[in-house]
Amino acid sequence: MSALSALSALSALRRSLFLISMPMAFIAFALPLRAEDLGATGFQIGLLFSLFTGSVFVLRPMIGFGLDRFGRRPFFIAAMLFYFAANLAYAMSGTLETLYVARLIQGVGFATLSITTVTIIADLTEHEGRAEAMGGNIASQSRGGMAGGFIGFSLVGMLPLHAWVYSFSTYTIVAMLAFLFAYRAIPETRIGDHQSPEKSRFKFPAKHYRILVIIFFAAFAGAVIDPYYLIYLRERFDLELYWLAVAFLPIGLSSAILPPLLGRITRWQRRPIIVSVGLLFAGGLYASIPHVSSLVWVIVAFTGASIGRVLTELTKDAWIGDISGTHTAGRTFGIAALAAGLGATSGPLVGGLVYDALGQIYVFYIAASVMSAAIYLALTFRSTS
């Protein structure tokens, strides 16, 4: 694919991601609160998140095989349809059980979209520009989430009793527009013949198994925290819904603005070092949260930790792209996604049990400890590879 065609494909990809990601910020903000309002315990909220990540965990490796066998475009378009169905199910959900169904469909969509997107980026970029391109994807999704969040949060302020239904009805319409755009604009980026001998002899490089453990630890640590951030703020500082939205805003803004810059800054650095820096930043800030009394500092710490995790995530994806072959990118990302899915599925369950049994502050200590283990593995990998 020519450089001009690659730029055109990247542009179409990011426009699609912007549209389809509109519910992202509002779901992250509203889902645990709505589940709690419907009577969910800490463990049930964790189960809601694990249902999502569990579907991702199961499906991504199979999707990775399909990407190498059938191409990238069909799966990207299918992801748009799954998101459409998930948004429609959220709009119609009124009980905890129907919320589980919507979350499961969303998980199928996310599993399909996430691995297809990073595989397309691996097709279109070279080593030195890959982290920046991954960051551009994250930024497009975050900007879409911020735009959709503005819609959702505005409705929360104006029509709090109907905000959930009206927000997801809007997201459903936008998802259909994303599908129509992707169907028209997204090209096939797979390189070569699917009958290539290299495809039938795929095996994840043994010398990179340690990366899979690092990915598992990073995903587990983040998933321990994610379901309980806003619940923690609401319970500790007794915040109203409006102020919870304000507290959530800096995370969304930083995710929308910083990823391309982070990718550009780190493009010439060694991947293990950058992963370690991101995890150190996130883990240290998470560990500090129980020891401060200021709401402002807690928000700053959560935002800083989010930036560290974004740095880790985009570098991790670029790292996997570096070690994947031309004909095996889908399956290489699929194996990495299997490790991430296992961590993201088990993390909320462990976090929920700890939250219910020991208290809210211990989820931060667990996350920081697991991130420390991932840092050690990354730095050791650097010294032996």
Looking at (1) surrounded by fewer than 24 Cβ atoms within 10 Å (Cβ to Cβ); (2) more than 28 Å from LEU124 (Cα to Cα); (3) among the polar types (S, T, N, Q); (4) touching a helix residue (DSSP H, G or I) at 6+ places or on another chain (Cβ under 6 Å), can you tell me which one GLN44 breaks? (4)
Test: LEU67 is closer than 17 Å to PHE168 by Cα, assigned to a helix (DSSP H, G or I) and in contact (Cβ under 8 Å) with a residue 40 or more places away in the chain: no
Just need a number here: residues in the range 101-110 that are free of Cβ contacts under 8 Å to residues at least 60 places away in the same chain and crowded, with 20+ Cβ neighbours inside 10 Å. 6
If you check THR98 against the conditions, is it of a type in the set (S, T, N, Q) and in contact (Cβ under 8 Å) with a residue 40 or more places away in the chain? no
Under 6 Å between Cβ atoms, which residue pairs at least 6 apart in sequence (or on different chains) link something in the range 193-216 that is under 24 Å from PHE70 (Cβ atoms) and hydroxyl-bearing (Ser, Thr, Tyr) with a partner that is modelled with pLDDT of 60 or more and exposed (fewer than 13 other Cβ atoms within 10 Å of the Cβ)? none
Sole residue being part of a helix (DSSP H, G or I), more than 28 Å from TYR362 (Cβ to Cβ) and of a type in the set (Gly, Ala, Ser), chosen from ALA282, ALA256, ALA218: ALA256
Could you look through the range 236-255, keep only residues that are aromatic (Phe, Trp, Tyr) and farther than 15 Å from ILE27 by Cβ, and pick out the one that is surrounded by the fewest Cβ atoms within 10 Å (Cβ to Cβ)? TYR242
Among (1) outside any helix (DSSP H, G or I); (2) buried (at least 24 other Cβ atoms within 10 Å of the Cβ), GLY94 falls short only on (2)
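Would you be able to tell me the number of residues in the range 117-139 that are free of Cβ contacts under 8 Å to residues at least 60 places away in the same chain and either touching a Cys at 6+ places or on another chain (Cβ under 9 Å) or surrounded by 24 or more Cβ atoms within 10 Å (Cβ to Cβ) (or both)?
Applying the first criterion (free of Cβ contacts under 8 Å to residues at least 60 places away in the same chain) to the range 117-139 yields 126.
Adding the requirement that they be either touching a Cys at 6+ places or on another chain (Cβ under 9 Å) or surrounded by 24 or more Cβ atoms within 10 Å (Cβ to Cβ) (or both) leaves none.
Within the range 117-139, residues that are free of Cβ contacts under 8 Å to residues at least 60 places away in the same chain and either touching a Cys at 6+ places or on another chain (Cβ under 9 Å) or surrounded by 24 or more Cβ atoms within 10 Å (Cβ to Cβ) (or both) number 0.
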Among the residues of the range 323-362, the number that are not in a helix (DSSP H, G or I) and not hydrophobic (A, V, I, L, M, F, W, C) is 7
Would you check if there is a residue in the range 267-283 being more than 19 Å from ALA378 (Cα to Cα), surrounded by fewer than 21 Cβ atoms within 10 Å (Cβ to Cβ) and at pLDDT below 85? no
Between residues in the range 356-376 that are without any contact (Cβ under 8 Å) to a residue 60 or more places away in the chain and residues that are of a type outside the set (Phe, Trp, Tyr) and in a helix (DSSP H, G or I), which pairs lie under 7 Å by C-beta distance while being six or more apart or on different chains? TYR362/VAL354
Is there a residue being at pLDDT 75 or above, assigned to a helix (DSSP H, G or I), among the hydrophobic types (A, V, I, L, M, F, W, C) and touching a Ser or Thr at 6+ places or on another chain (Cβ under 6 Å) anywhere in the range 223-243? no
Within the range 140-189, how many residues turn out to be touching a Lys or Arg at 6+ places or on another chain (Cβ under 8 Å), part of a helix (DSSP H, G or I) and either surrounded by fewer than 22 Cβ atoms within 10 Å (Cβ to Cβ) or of a type outside the set (Ser, Thr, Tyr) (or both)? 3
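The values are calculated or read from the model by the stated rules, or taken from the named source; none is laboratory data. Quick caveat, the model's predicted, so the values are computed rather than measured. All Cβ positions, glycine included, derive from the backbone under ideal geometry; neighbour counts span all protein chains shown.
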